[in-house]
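*Asks:* I have a structure here, written as structure tokens, and I will follow up with some questions on it.
The values are calculated or read from the model by the stated rules, or taken from the named source; none is laboratory data. The model shown is predicted, which means the values in this text are computed figures rather than measured ones. Cβ: placed from backbone, ideal geometry, glycine included. Neighbour counts: every protein chain shown.
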Amino acid sequence: MSILQYLPAIELLIFNLFTLDHCCHKKYSALKTALVLFVFSAVLLMVSLMFAQEISFEGDGKLSLLGFIYLLPFRFLYKEKTSLLITIVCTCWVYTLGILSLSMQLADVLGISQPVYIFSIETVLFLVTAFPFYKWVVPKYIFVIENIGTFEKRWYQYIAVSNCLNFLLLVVLNAILIEQKASILKILCVVLLLSSIYVSYFILYKIVLDSIKMNQLEHVVLHDSLTGLGNRTLLWNHLHALLQTQQTFSVLFMDLDRFKEINDHYGHLIGDQYLKHFAKISSAILQGRGEVFRFGGDEFVAVCPGTIPQKTIEQLKKCREWENGAPCPFNQVSTGVLLCEPPHANKNVEQILHKVDQMMYQNKTAKDK
């Protein structure tokens, strides 16, 4: 068999490898990656030529199934997991096999079914479609595969299965079509299938994009814009959820002492830095042991499972690490601590926050005397 028979398949392979390389993160340099893929492809081509009687290029897409063997070097060369590689590979193959199928149908309609003519038509179709494919389809698909991890982890598997089914459907359709005389109606059938697949990609892209926007909006709604801590709404939701359980938890109310003096003496910008610095220090002290929320103004609330050790409370009061990046001296903090033990049936969030606020105020008043 002449190597000319393989020209359409070789062109498809080049486009597939280029697209996959564009979508994945390389482990090694571009030169090493290209060299490994070139050697692997050359060996695969020589083996195919050796068994030309058993393996022939008929354009029905069956030969492309052998492309799954490329997953071996892909796992070695790229950082993506196997399921994600399968997803990207099948997405590339849908595009290139679709171009091959259209090329063969067009060549048959024109009465020029030799491989060299199929290759020529295929090249023209690639030149016409490559720019929109790489400009609009590939970037959106890269966005999807980079952000789909924000969903349930199984989404990777779902997309991999969906893309494999799309590819296999195209292989089967192409194999059926080439067994019959080509027609404009069959060409339209391939175009409609490809259009349906790409519309599904755009729908998936919009779903992921809108979900990210909703998550960002939710974060803005539930977090304080100055300190980045959860705000009063998130604190309320968190306490309400805890009251539905049988867990023991502690609520620590913190009020920054003489904060008005900071604003009056240093200015409100330094006052903002003061609040941000306290948020950072208190979150570091309670890291892994509780969560800090900004209640409002110079007031903060921490919620911790179980009992808060007195040592931890003293750390918060003194903030010994304050000097690291501090905007001005620390004026201490007044605290109130409430231990909430089950059953929680007769408790509500308002009562808890009011009681711990009163405890903090009593401690603050006693300190000022």
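*Asks:* Just wondering, is there one or more residues in the stretch 122-136 that are touching a Leu at 6+ places or on another chain (Cβ under 8 Å), of a type outside the set (S, T, N, Q), surrounded by 14 or more Cβ atoms within 10 Å (Cβ to Cβ) and under 14 Å from residue 96 (Cβ atoms)? Even if it seems obvious, please write down each step before you answer.
*Replies:* Of the residues in the stretch 122-136, the ones touching a Leu at 6+ places or on another chain (Cβ under 8 Å) are 122, 125.
Narrowing the set further to residues that are of a type outside the set (S, T, N, Q) leaves 122, 125.
The next check asks that each one be surrounded by 14 or more Cβ atoms within 10 Å (Cβ to Cβ); those that pass are 122, 125.
Filter once more, keeping what is under 14 Å from residue 96 (Cβ atoms): 122, 125.
Among the residues of the stretch 122-136, at least one is touching a Leu at 6+ places or on another chain (Cβ under 8 Å), of a type outside the set (S, T, N, Q), surrounded by 14 or more Cβ atoms within 10 Å (Cβ to Cβ) and under 14 Å from residue 96 (Cβ atoms), which makes the answer yes.
*Asks:* Which condition from (1) part of a loop (DSSP other than H, G, I, E, B); (2) in contact with a Phe, Trp or Tyr (Cβ under 7 Å, 6 or more places away or on another chain); (3) β-branched (Val, Ile, Thr) is the one that residue 262 breaks?
*Replies:* Here residue 262 clears every test but (1).
*Asks:* Let me ask something else about it. May I ask you to verify whether residue 290 is surrounded by fewer than 18 Cβ atoms within 10 Å (Cβ to Cβ) and within 37 Å of the chain's Cα centre (by Cα)?
*Replies:* For residue 290, the condition - surrounded by fewer than 18 Cβ atoms within 10 Å (Cβ to Cβ) and within 37 Å of the chain's Cα centre (by Cα) - is not met.
*Asks:* Here's something else I'd like to know. Going by the structure shown, is residue 293 modelled with pLDDT of 95 or more, closer than 22 Å to residue 236 by Cα and not in a strand (DSSP E or B)?
*Replies:* No.
*Asks:* So, in the stretch 1-33, how many residues would count as being in a loop (DSSP other than H, G, I, E, B) and at pLDDT 85 or above?
*Replies:* Total satisfying the criteria: 5.
*Asks:* Can you name the condition, by its number, that residue 174 falls short on among (1) crowded, with 18+ Cβ neighbours inside 10 Å; (2) outside the structural domain of residue 141 (by TED's automatic domain parsing); (3) not β-branched (Val, Ile, Thr)?
*Replies:* So the condition that residue 174 fails would be (2).
*Asks:* Has the stretch 179-196 got any residue that is surrounded by 14 or more Cβ atoms within 10 Å (Cβ to Cβ) and in contact with a Lys or Arg (Cβ under 6 Å, 6 or more places away or on another chain)? Show your work before the answer.
*Replies:* Step one: of the stretch 179-196, the residues surrounded by 14 or more Cβ atoms within 10 Å (Cβ to Cβ) are 182, 186-187, 189-191, 193-194.
Add one more test, that the residue is in contact with a Lys or Arg (Cβ under 6 Å, 6 or more places away or on another chain), and what stays is none.
Within the stretch 179-196 (the criterion being surrounded by 14 or more Cβ atoms within 10 Å (Cβ to Cβ) and in contact with a Lys or Arg (Cβ under 6 Å, 6 or more places away or on another chain)), the answer is no, since none of the residues qualifies.
*Asks:* Restricting the search to the stretch 201-227, which residues are touching a residue at least 24 places away in the same chain (Cβ under 8 Å) and either within 19 Å of the chain's Cα centre (by Cα) or part of a helix (DSSP H, G or I) (or both)?
*Replies:* Passing the criteria: 201, 202, 204, 205, 208, 209, 211, 212, 215.
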